[in-house]
1. Suppose we keep just the DSSP beta bridges with both residues in the chain; what percent of those would be antiparallel, to 5?
2. Can you work out the PRE-style zone for ASP274? Point 7 Å along Cα to Cβ, and I want the residues of region 305-337 with backbone N under 18 Å.
3. State to the nearest 20 debye the size of the charge dipole of the chain about its Cα centre, where the only charges are +1 on K and R beta carbons and -1 on D and E beta carbons.
4. Got a sec? Charge dipole of the chain, +1 on Cβ for Lys and Arg, -1 for Asp and Glu; which of SER83, TYR240, GLY311 is way out at the positive end?
5. So what are the radius of gyration and Dmax for the Cα set of region 204-299, in Å?
6. How do the peptides 143-150, 49-56 rank, highest first, by the average count of neighbouring beta carbon atoms within 10 Å per residue?
7. Which of HIS251, HIS208 comes first, and how do the rest follow, when ranked by fewest Cβ neighbours within 10 Å?
8. How far apart, in nanometres, would the label points at ASP99 and ALA71 be if each is projected 7 angstrom from Cα along the Cα-to-Cβ direction?
Amino acid sequence: MTTPVPPRPPRRRRRVVLLAAGVVAAIALVAAVVIAVWPQADATAQPPGPGTVVVASDLSKASHAAGTASAGSEPQAAAEYLSEQPTAFWLTPEADPADEVAERVEHLAAEARDQSATLAIVVYGLPGRDCGNHSAGGLEPDAYREWTAEIGAALRAASDVRTVVVLEPDSLALAPECGNVDERVDQLRGAIDALSADGVWIYLDAGHSSWLAVDDMAALIARVADGAPVRGFATNVSNYNDTADETRYAHQLAERLDGLHAIIDTSRNGAGSDGEWCNPQGRRVGDPGGSTGDDVVDTNLWIKPPGESDGPCNGGPAAGAWWSESAVELTRDVRSG
């Protein structure tokens, strides 16, 4: 299951051209230097790939925790480390309602410009979210359409920023259990219409390699993706499976979903999975985003923010709440202090 989360312009190349003029009575060379500015290839037109760096937002819960924890403490060191890591930002209607979410997206887009980074957001607010489990909530159908329309309008206004949208983690993988597959497909297709824009790369929920069987997951994705402007699917969101397992799973899905690509969440899979999905002990952060990719897997990203609880299980607080004990454990091998 998943947990909710309550500017520099493109660089240009310069080419120096030397101009010379001949003078008739004596050979004299007059040199003039002319600067020609050539536009760089539009980065927003390129899908994510190895080397992709996403925004490390000052709005993250890790950033807030770093500023409020006791100076010099282990929780402060862990939060500070995590606040500096490029990580997707989760938009939820509880934290960012329809009349405020556009402003949130504008701020994130400005951070992307400042950092010369890709914006990565998770849209997480559809009706019946998480089937009433730890991350229950979301909006009524009409309100969801309004909310996603506001997000889409803000993304179109920031068309100079390449954006990755992870659309509604768990929505498809949980749908058979929730008994609302047809309804969920319609909701997701409506959200895609609202969010689609130049420079926006949308990835659907694909669960993870130890959840639904490949054929079952591919069939669900196909119902949403058919004819829709989506890049592909996201796997392992908020889970802990090894990257190698998720890569195999992504390739198996892609064989059944001609033309679709994948991204893999590696935010908390550094120690692999012990089979527990809700606040398992002894886990570690995984490979930094943008460190892998192939002909199917566009790249890996940190999608679930490390340090945020999966829910009230194994000693954790409510889903999405900052949990300093988890942050300390996840970063034990990669930080100092």
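1. Values: 11 of 36 bridges.
Of those bridges, close to 30 percent are antiparallel.
2. 307-317, 324-333, by backbone N distance to the label point.
3. On the way: 25 positive and 48 negative charges, 343 e Å.
With only Lys, Arg, Asp and Glu charged at Cβ, the dipole is about 1640 debye.
4. In the chain, that residue is SER83.
5. Cα only, region 204-299: 13.0, 42 Å (Rg, Dmax).
6. Details: 143-150: 20.4, 49-56: 18.8.
The densest-packed peptide leads the list: 143-150, 49-56.
7. Values: HIS251 15, HIS208 26.
Listing HIS251, HIS208 from fewest to most nearby Cβ atoms yields HIS251, HIS208.
8. Between ASP99 and ALA71, the label points sit 4.0 nm apart.
The numbers here are math on the coordinates, done by the rules we state, and not lab data. Quick caveat: nothing in here was measured; it's all calculated off a predicted structure. Cβ atoms come from the backbone with ideal geometry, glycine included; neighbour counts cover every protein chain shown.
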